[in-house]
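Working notes for the structure below.
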Amino acid sequence: MLSNHKVLGSQVGTTYFRMRAIIALCAMVVAAVQAEAGSQLWRVEAPSYHRVVRALEDDGDVDVWAGTADHCKVLVEGSASTRVVRALAEADIGHSVEVEDMMALVEQERTHMQERRRKRAAQPMDWTSYHDMDDIEGFIGWLNSTGGDLVQVASPTRSVEGREVLVLRINDPSSQGVKKKKIWIEGGIHAREWISPAVSTFLMYQLVTNPEWRDLLKVTEWYIVPVANPDGYQFSFSSQSARLWRKNRRDNGVSERCKGVDLNRNWDFKWGVGASANPCSETYKGVNAFSEPETFGLQQMMRTIPDIDLFITFHSFGQTVLYPWGWTRNAPSNAMQLKRLAKAFTDTVKQTSLGKVDYDIGGSGPLYGLASGATDDWAYGELGIPFSYTIELPDQGTHGFLLPENRVSSTVIESAAGVHCMVSLLANSGSCARRRTRNPSSIRFRG
Ligand code: 0X9
Ligand code: ZN
């Protein structure tokens, strides 16, 4: 299955990178959770950080999907509905039902996907549809053999269910003697956010196959984790009732419904603030920081790479670039620079989408409410990576996690352009470099 003849040398733990033959994943037989009928999306007239909403979330009665300063959107299962109504009424908080039958939307998505699949030629990977772990693993195998010296594949850890958590290093060994900027990209830590692995795999594809990215590769080296939560991701493909799964697949010894740890509450930085101790909650932090093999293994590998310059984790949804901190509302010391680099992303996306896709920028704590144990805070606070972001990909809530497949290609293209600009600016090379040659037509002559 794995051979060792393409081993990365000095600065990274050598056991990590191994030539990887294309292997089919062993089909995991998963006992599907039957989501209760009657899951609804509610608008609640209080922010997500309101005491009552927080308590309901901690108890696993609601799953907070989005929010502003005056309201939030929460998913409520049929069986929890009476409890939620009572708790909101007692606190005099209004609510209304926005989506009567969430499962009907999931079913609609599935039907569309099946129709598209029937029409399309047998094609293992593309960015006009979503792909499960089999397809992604196959694609990584293909990239590894196509990319030659540019690509190395590491498997620093296995998931709870035994899947490999893969990391691709993309580096041009022919350009030596340059101090390269190091970029770590994380995708798919939340299972249901399918657009995230799509963007991460597209970035790999661009770096390896697109000549326009070659100049950037002379001055940068990349580490890309396409799916940090492979068990949860694969599970979310397994049935309609599993489509909205967020956590990993840890058996917490409670019930099928209460499986899983939120891997984005499990990193060891101010672990526990704004996260739940209840296994049934969507934001369950685990029994201790780094209790999960997925997060533990990834942090171990990240620590072996000195001086990472930029960290990005792709999530959805919300169209927002978030920078630290998430554990406090205080601004980080280099907030100005963080905002500036974030703007390179958002401006480029706006331009590439011809004005259609507009992102917000802000601190995680102030914009999304306090939540600790996320990768971005750990990367920034523990590793000292100066530029650390969570990018909440489209949309702004129309489809939410169920972003239609016909939005995949535009989203990956716009996001890749945004990342290209950020990295060009950081490495001072390429499309967004600081010292750009002036466009002669923009030079004005007097007289
Ligand atoms: O809550 C999260 O984990 C992220 N949002 S999501 O809707 N994709 O689940 C935001 C994480 C922001 N970062 C920190 N809170 N540190
Ligand atoms: Zn997420």
Inset, instruction - Residue by residue through segment 373-391, note down the ones that are surrounded by fewer than 24 Cβ atoms within 10 Å (Cβ to Cβ) and of a type in the set (Asp, Glu). - result: 382
Legend entry - Qualifying residue in segment 396-410 (condition: open to solvent by less than 10 Å² (accessible area, probe 1.4 Å) and on the phi > 0 side of the Ramachandran plot): yes
Inset, instruction - Provide a single number: the residues in segment 194-203 that are buried (at least 24 other Cβ atoms within 10 Å of the Cβ) and more than 16 Å from ligand 1 (Cβ to nearest atom). - result: 2
Inset, instruction - Please tell me if residue 314 is away from ligand 2 (no atom under 15 Å from the Cβ) and in contact (Cβ under 8 Å) with a residue 40 or more places away in the chain. - result: no
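Here's the yes/no breakdown for (1) charged (D, E, K, R); (2) within 28 Å of residue 48 (Cβ to Cβ):
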site: 80; (1), (2): no, yes
site: 83; (1), (2): yes, yes
site: 89; (1), (2): no, yes
site: 97; (1), (2): no, yes
site: 109; (1), (2): yes, yes
site: 112; (1), (2): no, no
site: 127; (1), (2): no, no
Inset, instruction - Go through (1) crowded, with 24+ Cβ neighbours inside 10 Å; (2) free of Cβ contacts under 8 Å to residues at least 40 places away in the same chain and name the single condition residue 189 misses. - result: (2)
Inset, instruction - Taking residue 379 as the residue in question, decide whether it is under 30 Å from residue 329 (Cα atoms), under 16 Å from the mean Cα position of the chain (by Cα) and more than 16 Å from ligand 1 (Cβ to nearest atom). - result: no
Legend entry - Only listed residue being under 23 Å from residue 362 (Cβ atoms) and either open to solvent by 20 Å² or more (accessible area, probe 1.4 Å) or away from ligand 2 (no atom under 13 Å from the Cβ) (or both), chosen from 285, 259, 270: 270
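The values are calculated or read from the model by the stated rules, or taken from the named source; none is laboratory data. The model shown is predicted, which means the values in this text are computed figures rather than measured ones. Glycine gets a Cβ as well: all are built from the backbone with ideal geometry, and neighbour counts include every protein chain shown. All accessible areas refer to the heavy atoms of the entire protein, side chains included, with ligands and DNA or RNA removed. Shrake-Rupley method; radii C 1.70, N 1.55, O 1.52, S 1.80 Å.
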